[in-house]
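Step one of this worksheet: look at the structure below.
The values are calculated or read from the model by the stated rules, or taken from the named source; none is laboratory data. Remember, predicted model here, so these are calculated numbers, not experimental data. Heads up, the Cβs are rebuilt from the backbone with ideal geometry, glycines too, and the neighbour counts pull from every protein chain shown. In case anyone asks, the SASA skips ligands and DNA or RNA and just uses the protein heavy atoms, side chains included. Shrake-Rupley method; radii C 1.70, N 1.55, O 1.52, S 1.80 Å.
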Amino acid sequence: DIDECVEGTDNCHIDAICQNTPKSYKCICKSGYTGDGKHCKDVDECEREDNAGCVHECVNIPGNYRCTCYDGFRLAHDGHNCLDLDECSEGNGGCQQTCVNMMGSYECFCREGFFLSDNQHTCIQRPEEGMNCMNKNHGCAHICRETPKGGIACECRPGFELTKNQRDCKLTCNYGNGGCQHTCDDTDQGPKCGCHVKFLLHSDGVTCIGERHFQQHVILETFSNETCAVNNGGCDSKCHDAATGVHCSCPMGFMLQPDRKTCKDIDECRLNNGGCDHICRNTVGSFECSCKKGYKLLINERNCQDIDECSFDRTCDHLCINTPGSFQCLCNKGYTLYGLTHCGDIDECSINRGGCKFGCINTPGSYQCTCPAGCKLHWNKKDCIGSVPPRATLTCNKTGKKDSCALTCASKAHFLPESDSSYTVSCGTPVLRQGGQHRPTNTSHQCLGKGVPGCPRPPLAGLPRAGVVEHPLFPLETVAAPIKQKASFKIKDAKCHLHPRAKGKQEEAGKAGVQGGSAPCSDCQVAFVNLKCDSSKKGKGRRARNSSNKEVTRITLEFEAEIKPEEITASCNLPCLRQRVEKKLKSAIKALKKSINQERFLLRFAGMEYEVARKLSVAPERQESCGPGQQRLGSKCVSCSQGTYYHGQTEQCVPCPPGTYQEKEGQLSCDLCPRGDAFGPVGATNITGCTGQCPPGQHSADGFKPCQPCPRGSYQPEVGRALCFPCGGGL
């Protein structure tokens, strides 16, 4: 059973009490309300014929009512009857000389030789002579006024009327309720008193007696001068006539005082906070419990329970944490809290351009740094650098009539299996393009000219810095468009299948390598090689008719080589240099074609040699092994995760060794860290795992050591940065 009342999932009205039942709940309107519990409406008790039992006035309040009394009366402790207030008992009623209490009012009187002033409280000594209001014989009962003609005119106090003799004043119901305890009606003879239902008029014509006391009063009047019939026997609450006189008693929540007449409210809150969890408020004859903000009162009307604001829809824009009596809203990364519950995007670009070197684009919850044409974004995703990517190395050697070629990829290798019969391997980084085209010759000036901070050239991965010709900004770097060559080869009776070379062959290849082979394209600046092997396409057109069912595998190689402008000499200008590199690239492709035809072409990743295809005559591998870049996990083949690479010999995924990292899944090797040293964590998933980053306050061309401190007037709060920010303002 779920307690809907505690969970707050009930739909009871705010003025109803929720009561849990097995498998459900029910709603009951609180006392003073009417309805089915889902809808509750306040009952107006004052509309009842008996005026809700109030003898004077009734005031309706939500869920209840309150009785009030006219001026000159006080509310009895039963909360309904009205008793005379003895004004003379406090400060003589404000009278200078004599105060006389009356039902619902009081009067001030003066001693012989004085008369009451117009304020009806102070006394003035009567003068012996004079024909004005100061004369003792003016004859006005209340107020005397002098007329312009020299005579006098009499007036009455509020609540009185002047009689026909123009001297005396007669009482009306407007003053002290006409001297009546309950109801008053004005007649020609003066006020006529009446009583509320359940009361009878006393023989004095003004006091009201409860019906049950009336008979006792008639009997007791002869024995005792004190009776419950007259002014409730002086009792605050219940009055009981006895042979010895009256006995007063108090209702629940009140205590009879030592005078045996008055009742005083018991303050239940003084003892153990009235049993309330939070706030106890004493009321006349009772008390009420209430809860602090963020809590609700339970059905026992004593205990408080925390309201879980997070259970309501849309309390917070993003994350909501409930706390006792309250809640807290949190925002996702890249957003800031405004107000208590709303999340707004932080415009990181508005502060110091988001720390970006060139341009910054704000995105919801994040931002991106941009670089000018001809520059690429640094690994720290903030700086811009000129691109000198890791190189692909193509080596070929000839032993007798045997041609062997190998494509070695030290870093930036990417393996993508497309289907069972096709895959792509790329090595290095493509030369930067603009809008998909080769960039025009002047774009380097956009990157390296005076208007934009230069893109420093990072050192070659895996090479000591001494091996790189250092220019501070390489103002002429990659001015010329790269040379692109594409070659396509066919292998008959073979299927695309990248697999490690057999052990015996590995050793043989090792020996061949030791004997020394030429590297026909070591100086043709190959920046990027893309190899695609595809066995999925069948022959098309005329040739397809006479072709047998044998599978044809096509290997397509794309080369990109960069022209280094610093190699231009007086004897060989830029077109000559291009021609020279193109020639070398073509001869390398020729040697490559022979090695592929002789099945002597290898790919080298992480010290392992791989063959690109498998002859159909060779028996296929046992079913248990997964393809390259994957390992078996139970009955499934799973790609090697980030921070690992596929080891061809063990057919397992191995963590990247220190000094390397791998951001992608299912790869055959790890990328080298910029320093090329073997330090750092094992299994790094991105370049930030590489050690030797420049600390805050320092910078270098690639963000790695050796670093220079920020020059005077500049600063850098982040690690691994290639520049320092100007302080500005001449600081």
Restricted to segment 555-610 and to residues being part of a loop (DSSP other than H, G, I, E, B) and among the aliphatic types (A, V, I, L, M), the residue surrounded by the fewest Cβ atoms within 10 Å (Cβ to Cβ) is ALA570
Margin query: Suppose the filter is within 30 Å of ASP265 (Cα to Cα), surrounded by 17 or more Cβ atoms within 10 Å (Cβ to Cβ) and either small (Gly, Ala, Ser) or modelled with pLDDT of 90 or more (or both); does CYS304 pass it?
Written below: yes
Reported set for segment 228-275 where residues are outside any strand (DSSP E or B), closer than 24 Å to SER286 by Cβ and among the hydroxyl-bearing types (Ser, Thr, Tyr) is SER237, THR262
In segment 9-29, anything surrounded by fewer than 17 Cβ atoms within 10 Å (Cβ to Cβ) and in a loop (DSSP other than H, G, I, E, B) is listed as THR9, ASN11, ILE14, PRO22, LYS23
Among strands (runs of 3 or more DSSP E) entirely within segment 611-666, at least 2 residues that are modelled with pLDDT of 90 or more and surrounded by fewer than 21 Cβ atoms within 10 Å (Cβ to Cβ) occur in 636-639, 652-655
For CYS99, the lone unmet condition from (1) touching a helix residue (DSSP H, G or I) at 6+ places or on another chain (Cβ under 9 Å); (2) over 30 Å from GLY179 (Cα atoms); (3) not aromatic (Phe, Trp, Tyr); (4) not in a loop (DSSP other than H, G, I, E, B) is (2)
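Within segment 108-127, track down each residue that is touching a Lys or Arg at 6+ places or on another chain (Cβ under 8 Å), of a type in the set (A, V, I, L, M, F, W, C) and open to solvent by 40 Å² or more (accessible area, probe 1.4 Å).
Listed by number, the list holds a single entry, PHE114.
How many residues, within segment 333-346, are in a loop (DSSP other than H, G, I, E, B) and open to solvent by 70 Å² or more (accessible area, probe 1.4 Å)?
Going through segment 333-346 one residue at a time, the tally reaches 2.
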query = Hey, does segment 34-45 have a residue that's in contact with a Lys or Arg (Cβ under 9 Å, 6 or more places away or on another chain), without any contact (Cβ under 8 Å) to a residue 12 or more places away in the chain and in a strand (DSSP E or B)?
reply = yes
For segment 191-227 the number of residues that are assigned to a loop (DSSP other than H, G, I, E, B), open to solvent by 60 Å² or more (accessible area, probe 1.4 Å), at negative phi and modelled with pLDDT of 70 or more is 4
Pairing a residue in segment 348-362 that is surrounded by 16 or more Cβ atoms within 10 Å (Cβ to Cβ) with any residue that is acidic (Asp, Glu), where Cβ atoms lie under 7 Å and the two sit 6 or more apart in sequence or on different chains, gives GLY354/GLU348; GLY355/GLU718; LYS357/ASP383; ASN362/ASP347; ASN362/GLU348
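Take the residues in segment 667-679 that are open to solvent by 30 Å² or more (accessible area, probe 1.4 Å) and assigned to a loop (DSSP other than H, G, I, E, B), then tell me which one is modelled with the highest pLDDT.
PHE679
Test LEU319 against the stated conditions and say whether it is over 36 Å from the mean Cα position of the chain (by Cα) and farther than 30 Å from ASP84 by Cα.
no
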Considering residues that are in contact with a Cys (Cβ under 6 Å, 6 or more places away or on another chain) and assigned to a loop (DSSP other than H, G, I, E, B), the number found within segment 688-719 is 9
